[in-house]
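One structure below.
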Amino acid sequence: MKRKITLNTFAALIVSLVFLTSAQAQNQVRAVADTGIITIGPNQILRISGDGVDQDDPVVFRFRRIGYQAVSEAPGITKYTVSSNTITNPIMTTGLEGVAIVQGNLIGTDAVRVVVMSNRPNVRVNAALIDTATGNTQVLIALLLP
Amino acid sequence: MKRRITLSIAITLSIVAISLTSSDTAVSAQNQIRVVGDTGVMKLGPNQVLRVGAVDGDTDGSDFVLFRRVGYTHDACNGGVCKLVASSQTTSSPISLMTGEAVTFQVGPDVQGNGVRVVVLSNDRSMHGNASIVDQVTGAIVTSWSWGVANSGSSD
């Protein structure tokens, strides 16, 4: 009898540990898309948006914007180092989309990279380059998704 | 008792052997250079440049990247299908990337030949980046796409 109780307690402990781990994994914000390092044209803006696959999903987004500055150049090769690194507050989206906009031609920034982070791995992320003069989408960027 | 000691020694030795083998495998895998990105063959316009960027997926500061540029010329065309043949190939020296560093490799403008391709090589599988075709006159990106494996290390 005593052995049975011990076994039950042990099983209950394992189950609660599994639940806790999975809940924690869902709350953890991870990288879900990455633009890579790009130099946006002076008349372009980079617009990145994300939403959940199911519109009722409470999805959290954060956008990390990394600015780079050129430090050395060889023929054809330019090396950059991080000059700024900012991350937005968590943006909660339910039936809405989280959007980050990066202007081209930023002073002190030679290139930029945006990493999209979310608490859900199955989110939709779109990146587009928009002409600031006409408002037209010029380029849809094929993004990296894990 | 004697049997128990022998068994313990055997188990310990096995564990040591396995850990030595796996660490050796990890080191040799880290030194192995492999293709991590490839633009494929493309034809650039007279005012266009191809810019390939690479960032390191991890932060150990021991990784490097190389860019291989392959030039192509027309061989034979038949019914709209043209065969291209590699006519030149150059590979950059290894470029080491420390934490927070990135690198771009540019091809053009005025690329001779009928096609160009950039292959990205690295010792790190998590190396990733993107390739953009940029209009040299306006500075605008004409097209852009990502390559490699998305960074799974930047959790917050």
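Take each residue in B:98-107, count the other chain C-beta atoms within 10 Å of its C-beta, and the mean is 6. Coupling constants for region B:91-99 follow from the phi torsions by the Karplus curve (6.51 cos²θ - 1.76 cosθ + 1.60, θ = phi - 60°), and in residue order they are 10, 5, 6, x, 10, 7, 10, 8, 4 Hz; glycine and proline get x. Pairwise Cα distances in region B:40-137 exceed 23 Å in 35 percent of cases.
FYI, it's all coordinate maths here, none of it is from the lab. All values reported here derive from a predicted model rather than from experimental measurement. Cβ coordinates were reconstructed from backbone atoms using ideal geometry, including for glycine residues, and neighbour counts include every protein chain displayed.
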